[in-house]
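Inspection log for the structure reproduced underneath, given as structure tokens.
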Amino acid sequence: MSVQRITVLGSTGSVGKNTLDVILRHPERYQVVALTANDNVDLLLEQCRAVAPAEVVLANADAAERMHALLASAGLQDINVSSGQQALAAVVCANDTDTVMSAIVGAAGLQPTFAAVQAGKRVLIANKEPLVMTGDLFMREAGASGATILPIDSEHNAIFQCLPADLSQQGVRRIHLTASGGPFRGQAWSDLRDITPEQACAHPNWSMGAKISVDSATMMNKGLELIEAAALFGIDSDRVDILVHPQSIIHSLVEYSDGSFLAQLGAPDMRIPIAHALAWPERIESGADTLNLAAIARLDFVAPDMVNLPCLRLARAAAAAGQSAPASLNAANEVAVAAFLDRTIRYTDLATVIDSVMQQQEIRQIDSIESVLHIDNEARDLARRAINSL
Ligand code: NAD
Ligand code: MG
């Protein structure tokens, strides 16, 4: 067995930390060549001690300078430090990287993830926003370069495990994406006006970064996942259903034409899809607890209450419109969520801001990364204006 050499983009985040946890259980299989982060230099130093990468990349020069000093005083001056988008693209494309874990949050991960795809790497996709933004273009580039795309998002990893081995649509009728429903399941949207960032981030089943936690509360996360599933598996979004399943034990299902439903079940622990994708097509220990179905005893399901989920409605509409609409939706959502997290806007303004951008921005064709970035910038401007005029 040859050792898999891995670059982890966003190693200090929730998915990044879980990735290193799985890797450290299997030192004979995996070697970390590079770690990257925004600016959490203290955690990055701790991770350097644990996995001894050859390189680290920070988002900006200031953080890189602090990292440099920390590594020198820890006797780890052999680790190379750099910063910025070009340095990120360089580490993912380097010959000594076989596999890239894409776990930056938001559109910031677009360029390095795209670079990994174009370089034909094995790319583990947690960072769903680049796929949402670029859709078919992403998968076409992967087809052209020979990159292997393995989904980490628990629902998409579940679907990947339940589809035919060649990922064909042979006999597939529908996909059912499960959703926990988040912390405000069953409540009227209009009653959520005074929800704080702390309340929105308190997810009942999963522990995640702040942005995806807010997206889970509004169910925009499920909307982004709907677009992600359509792009990843080449299926029309109207053949992807959403099913609220509060226990988060069934991670998604594939329905076949003969009436069979195949599901993947597991504890709500991201180390399961991470271990699956790291080892695929083999299987390794993830460290997750086993599932005690007798103790869980029951699994509940309910259709989403679309009347009270305006963000999910907006995402469905963007998925149906296609082309640049998902990129606009994603950018507007990122700006709105950041404003909610810093208490500039109310929880219920999230849908108002995104709706305003979707109504104003013209839908255009996406044919290159530059065209996506142009749409993304324009949508961010419109979202900031919508926030100022609330
Ligand atoms: P997080 O906020 O915990 O971590 C984000 C990581 O990205 C950190 O390492 C941070 O340093 C880095 N980062 C942030 N901004 C950056 C920038 N501008 N440039 C470079 N690096 C930057 O996020 P997370 O919860 O780990 O989620 C990461 C991605 O995985 C998201 O796209 C999310 O939707 C997806 N995802 C997460 C989970 C989960 O359980 N957390 C599950 C499914 C999918
Ligand atoms: Mg998910």
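The values are calculated or read from the model by the stated rules, or taken from the named source; none is laboratory data. Since this is a predicted model, take the numbers as computed values, not measurements. Because the Cβ atoms are built from the backbone with ideal geometry, glycine has one as well, and the counts that use them run over all protein chains shown. The protein model used for the area step is the full one, side chains on, heavy atoms only, and it has no ligands, DNA or RNA in it. Shrake-Rupley method; radii C 1.70, N 1.55, O 1.52, S 1.80 Å.
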If each part is reduced to its alpha-carbon centroid, the stretch 303-372 and the stretch 196-228 end up apart, in Å, by 14 Å
Counting DSSP beta bridges in the chain, what percent are antiparallel, to the nearest 5? 25 percent
Reachable lysines, given that their alpha-carbon falls under 17 Å from the alpha-carbon of Lys128 and they are not under 8 places away in the same chain: Lys211, Lys222
Measure out, as a whole number of angstrom, how far apart the alpha-carbon centroids of the stretch 138-161 and the stretch 37-92 sit. 28 Å
Counting only protein heavy atoms with a 1.4 Å probe and every protein chain in place, the carbon and sulfur fraction of the accessible surface of the chain in whole percent equals 48 percent
If you roll a 1.4 Å probe over the heavy atoms of the protein chains, what accessible area per residue do you get for the stretch 38-125, in Å²? 43 Å²
Using per-residue counts of other Cβ atoms within 10 Å, averaged over each peptide, order 284-294, 38-48 from highest down. 38-48, 284-294
Where a ≥ b ≥ c are the square roots of the eigenvalues of the C-alpha gyration tensor, would you call the stretch 233-276 rounded, which needs a/c under 1.5, or, failing that, prolate if a/b is larger than b/c, or oblate? prolate
Accessible area expressed per residue, the stretch 153-211, with surrounding protein chains retained (probe 1.4 Å, Å²): 45 Å²
